[in-house]
Amino acid sequence: MAASGDPKHRKDATRIAHTGRPAEDGPVNPPIERASTFVYANSGTLYGKGRRYGRMGVTVHDALGETLSAIQGAARTLITSSGLSACVAPFRACAQPGSHVLVTDSIYGPTRDFASRFLGKERNVEVEFYDPRIGAGIADLIREETALIALESPGSLTFEVQDVPAITAAARARGVKTMIDDTWSAGLLSKPIDLGVDMACQALTKYVSGGSDVFGGAICCADEKTAAQIEGVIRISGESVSPDSAALALRGLRSLAARLKWHGEAGLKVAQFLEGRPEIVRLIHPALPSHPDHEIWKRDFNGTAGLFGAILKPASDEAVNAFIDALELFGCGFSWGGFESLAIHCDPQIQRTAVPWTAEGPLVRFQIGLEDPDDLITDLEQGIRKLKSS
């Protein structure tokens, strides 16, 4: 057995609890330094390697980035103002006018909009969406001018699990950078950098903070050269995260392993209940054997999150809304990863161009919070009765 003092052999939960802590005797948390200006007694040190301006981060930002790097195996982690800003930064750093980017057809909607509208229409970058289940076939889409491949696994709303190692291997063979939206796994359930990804991005707003009350994003970079490239973009664009927001994200991160385990186990219990209901055509949950990408999920993930989808039997929008509105313990909101359970009707926001989205009925996404899953199941039972009567 490895010595307990060897950080390389510690588990993620231990790394989360002990990384990014002050080295000296004193409080267990880093100080919250609210500062825009740093002053120096000697003008010769002003342009040195020390802190120059508060927007670039203070001690608590360092601690948050260091802890995220420890669990992701990253060379360096950059903190951004939101999950979206983290996801679009690799595009801005890698895609130049005239270049080509490949984007999974199941990417987060606002990221898709950024690629289509800003890159495609204003920056003259060719944006090509690809089948999320393409795997090694991505090699046939890579061109000389391809600058970036953007993944998300599981896919936003529809939960396709991508063959990340196959895609990143094809990208490395052609010298193409890769990024992934890793918010679903929060850097704990999967290790994208170990799977060959150059930049693992996530919304700290979701599972990491856990309180539904703070915005933040992170870009975990596999190597220092990539980190420097991304840092140049986010610094020149005025990206900034307040020390208070960074401290809230770090505080949430400390309990992430325990919370995510509950989210996953409770979510799986609720999903198994729904899968047996006659009103549900099928569940879209990677941890269920019925999911078409279940074997890839078992290979590349070590656990499950509490976010999944369900295809209802054909029903009108009014009936779906009546079902969701009847739920007492599920709110109706776009975010997820907090302590509260949520349910939303997804059909109005699904976008597909590479592969048409086809389903037997309406898609509802469930975020399972920290409530007791038995209470959530009871709530769903009464809500389903409303669906049947509509």
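The values are calculated or read from the model by the stated rules, or taken from the named source; none is laboratory data. Not measured: the values here are computed from a predicted model. Don't worry about glycine lacking a Cβ; one is built from the backbone with ideal geometry, like all the others, and counts go over all protein chains shown.
Remarks
- Checked against the criteria, residue 34 counts as loosely packed, with under 13 Cβ neighbours inside 10 Å, part of a loop (DSSP other than H, G, I, E, B) and touching a Pro at 6+ places or on another chain (Cβ under 9 Å).
- Residues in region 158-189 that are at pLDDT 95 or above and either β-branched (Val, Ile, Thr) or in contact with a Cys (Cβ under 8 Å, 6 or more places away or on another chain) (or both): 13 in all.
- Flag for residue 200 being in contact with a Pro (Cβ under 8 Å, 6 or more places away or on another chain) and outside the structural domain of residue 367 (by TED's automatic domain parsing): yes
- Qualifying residues in region 336-390 (those that are hydroxyl-bearing (Ser, Thr, Tyr) and either in contact with a strand residue (DSSP E or B) (Cβ under 9 Å, 6 or more places away or on another chain) or touching a residue at least 24 places away in the same chain (Cβ under 8 Å) (or both)) - the one farthest from residue 277 (Cα to Cα): 353
Let's see how each residue does on (1) among the β-branched types (Val, Ile, Thr); (2) in contact with a strand residue (DSSP E or B) (Cβ under 6 Å, 6 or more places away or on another chain); (3) exposed (fewer than 14 other Cβ atoms within 10 Å of the Cβ):
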{"residue": "23", "(1), (2), (3)": "no, no, yes"}
{"residue": "43", "(1), (2), (3)": "no, no, yes"}
{"residue": "54", "(1), (2), (3)": "no, no, no"}
{"residue": "60", "(1), (2), (3)": "yes, no, no"}
{"residue": "63", "(1), (2), (3)": "no, no, no"}
{"residue": "68", "(1), (2), (3)": "no, yes, no"}
{"residue": "73", "(1), (2), (3)": "no, no, no"}
{"residue": "77", "(1), (2), (3)": "yes, yes, no"}
{"residue": "86", "(1), (2), (3)": "no, yes, no"}
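- Criterion (of a type outside the set (Lys, Arg) and outside the structural domain of residue 153 (by TED's automatic domain parsing)) met by exactly one of 250, 307: 307
Conditions tested, residue by residue: (1) among the hydrophobic types (A, V, I, L, M, F, W, C); (2) farther than 30 Å from residue 17 by Cα.
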position	(1), (2)
115	yes, yes
118	yes, yes
133	no, yes
141	yes, yes
166	yes, yes
171	yes, yes
191	no, no
211	no, no
223	no, no
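- Within region 294-335, the set of residues being in contact with a Cys (Cβ under 9 Å, 6 or more places away or on another chain) and of a type in the set (Gly, Ala, Ser) comprises 309 only.
- For region 144-185, residues that are closer than 15 Å to residue 108 by Cα and not hydroxyl-bearing (Ser, Thr, Tyr) total 16.
- Take the conditions (1) assigned to a strand (DSSP E or B); (2) surrounded by 20 or more Cβ atoms within 10 Å (Cβ to Cβ); residue 305 misses just one of them, which is (1).
- Sole residue being charged (D, E, K, R), surrounded by fewer than 19 Cβ atoms within 10 Å (Cβ to Cβ) and within 21 Å of residue 73 (Cα to Cα), chosen from 261, 206: 261
- Residue 239 vs. criteria outside the structural domain of residue 381 (by TED's automatic domain parsing), of a type outside the set (Val, Ile, Thr) and part of a loop (DSSP other than H, G, I, E, B): yes
- Boolean, residue 267 is small (Gly, Ala, Ser), at pLDDT 95 or above and buried (at least 22 other Cβ atoms within 10 Å of the Cβ): yes
- Output for region 79-110, where each listed residue is of a type in the set (Val, Ile, Thr) and farther than 12 Å from residue 203 by Cα: 101, 103, 104, 107
- Test: residue 99 is surrounded by fewer than 22 Cβ atoms within 10 Å (Cβ to Cβ) and not assigned by TED's automatic domain parsing to the domain that holds residue 357: yes
- Single residue of region 168-193 satisfying the filter (among the hydroxyl-bearing types (Ser, Thr, Tyr) and part of a loop (DSSP other than H, G, I, E, B)) that is surrounded by the fewest Cβ atoms within 10 Å (Cβ to Cβ): 185
- Matching entry among 317, 223 (being surrounded by fewer than 20 Cβ atoms within 10 Å (Cβ to Cβ), not assigned by TED's automatic domain parsing to the domain that holds residue 363 and not hydrophobic (A, V, I, L, M, F, W, C)): 223
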